[in-house]
Amino acid sequence: MSYRIMCDLDDVIYEFSEHFMNFTNDLYSYSDQTNAITHWKWWTCPGVHVTEEQFYYAMELFTRGCYWETMPLGKNVLPHILDLEERGAEIYYVTSRKDETSAQTKVSMIHQKIPHNYQRLIFCKAEEKIDVCREYKINIAIDDRLDTILQMCKTDEIEPVLYIRPHNRRMWSELYNSTHWCGGEKFHDERGTNCRYRGEWIKRINTVHCFKQFADIARSRMCANTPGSSE
């Protein structure tokens, strides 16, 4: 079986935060910076002026104006995607974008020359990504959303990789450095394991600060899983 990779789209493959913040700045005459985003709910972040109402109104205009089609890729993302595909990896793009962005997302992938097998472009809710990974027998998954990566830790079959971005850096740091952290909803896996064991889950999470670092991990795993192969 091919080595299977799950990639989130926004703030992993595409520079969503920068692109959308430029849009909201132009729309509302703000001068906000992406490094002020410390949570995906932008309107809760000190230093970000956009309100919740403005955020969702801007998102509506963003979609209506087909701005998903022009969203830039992250730095050096495409060469590493092409290299992983050439090495035989199957890359599944799993996103929690709304269904109405589907056509624009496909157009963008064509324009950006991303290999686009539409059967491997999957739209779902963030909490459903673990089910998608199980269904498609994903080996390694990268996402910028911390709660999604924590969900991946429920199974030993998926290697979870967190893409560190400004909006998740503080949450990850607090979680990693706290030995008693159990905030929010308690996680229970099929065996009834609860948050007392979350520290063990956290140890399984690799973190990266660019897509190249993730691609290096994936290439290393592929090499290790290929008999007689060497770099």
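Would you mention how many residues in segment 91-105 are buried (at least 16 other Cβ atoms within 10 Å of the Cβ) and farther than 20 Å from residue 128 by Cα? The qualifying residues number 1.
Can we say residue 78 is closer than 29 Å to residue 157 by Cα, touching a residue at least 12 places away in the same chain (Cβ under 8 Å), buried (at least 16 other Cβ atoms within 10 Å of the Cβ) and among the aliphatic types (A, V, I, L, M)? Break it down stepwise before answering.
Details: closer than 29 Å to residue 157 by Cα: yes; touching a residue at least 12 places away in the same chain (Cβ under 8 Å): yes; buried (at least 16 other Cβ atoms within 10 Å of the Cβ): yes; among the aliphatic types (A, V, I, L, M): yes.
Spelling it out, residue 78 is indeed closer than 29 Å to residue 157 by Cα, touching a residue at least 12 places away in the same chain (Cβ under 8 Å), buried (at least 16 other Cβ atoms within 10 Å of the Cβ) and among the aliphatic types (A, V, I, L, M).
Here is a check on your reading of the model: is residue 147 under 29 Å from residue 2 (Cβ atoms) and at pLDDT below 95? Here the answer is yes, as residue 147 does meet what is asked. I'd like to check something: does segment 175-194 contain any residue that is modelled with pLDDT of 90 or more and touching a strand residue (DSSP E or B) at 6+ places or on another chain (Cβ under 9 Å)? Looking for residues that are modelled with pLDDT of 90 or more and touching a strand residue (DSSP E or B) at 6+ places or on another chain (Cβ under 9 Å), one finds none in segment 175-194, hence no. Selection within segment 5-51: residues that are of a type in the set (D, E, K, R) and not in a loop (DSSP other than H, G, I, E, B). The member of this set that is farthest from the chain's Cα centre (by Cα) is 26.
Before we move on, is residue 48 in the same structural domain as residue 214 (by TED's automatic domain parsing), without any contact (Cβ under 8 Å) to a residue 60 or more places away in the chain and β-branched (Val, Ile, Thr)?
Numbers: in the same structural domain as residue 214 (by TED's automatic domain parsing): no; without any contact (Cβ under 8 Å) to a residue 60 or more places away in the chain: yes; β-branched (Val, Ile, Thr): yes.
Considered against the rule, which asks whether it is in the same structural domain as residue 214 (by TED's automatic domain parsing), without any contact (Cβ under 8 Å) to a residue 60 or more places away in the chain and β-branched (Val, Ile, Thr), residue 48 comes out as no.
Of all residues in segment 67-84, those that are more than 17 Å from the chain's Cα centre (by Cα) and either under 18 Å from residue 213 (Cβ atoms) or of a type in the set (A, V, I, L, M) (or both) total 4.
How many residues, within segment 113-151, are in a helix (DSSP H, G or I), surrounded by 15 or more Cβ atoms within 10 Å (Cβ to Cβ) and of a type outside the set (Asp, Glu)? Lay out the reasoning, then the answer.
Residues of segment 113-151 in a helix (DSSP H, G or I): 118-120, 126-135, 146-151.
Subset that is surrounded by 15 or more Cβ atoms within 10 Å (Cβ to Cβ): 120, 126, 128-130, 132-133, 146-151.
Still in the running and of a type outside the set (Asp, Glu): 120, 126, 129-130, 132-133, 146, 148-151.
Total meeting the criteria: 11.
Checked against (1) loosely packed, with under 15 Cβ neighbours inside 10 Å; (2) modelled with pLDDT of 95 or more; (3) closer than 27 Å to residue 80 by Cα, residue 18 passes all but condition (1). Residue 79 falls short on exactly one of the conditions (1) part of a loop (DSSP other than H, G, I, E, B); (2) farther than 23 Å from residue 125 by Cβ, and that condition is (1).
Given the structure, is residue 37 closer than 27 Å to residue 210 by Cα and assigned by TED's automatic domain parsing to the domain that holds residue 172?
Numbers: closer than 27 Å to residue 210 by Cα: yes; assigned by TED's automatic domain parsing to the domain that holds residue 172: no.
The answer is no for residue 37.
Residue 41 fulfils the conditions (1) charged (D, E, K, R); (2) out of contact with any Asp or Glu (no Cβ under 7 Å at 6 or more places or on another chain); (3) closer than 17 Å to residue 168 by Cβ; (4) surrounded by 18 or more Cβ atoms within 10 Å (Cβ to Cβ) except for a single criterion, (4). In the set (1) among the hydrophobic types (A, V, I, L, M, F, W, C); (2) out of contact with any Phe, Trp or Tyr (no Cβ under 6 Å at 6 or more places or on another chain); (3) within 14 Å of residue 94 (Cβ to Cβ), the condition left unmet by residue 164 is number (3).
The values are calculated or read from the model by the stated rules, or taken from the named source; none is laboratory data. In this text the structure is predicted, and so the values were computed from the model without any measurement. Positions of Cβ are generated from backbone atoms using ideal geometry, with glycine treated the same way; all protein chains shown enter the neighbour counts.
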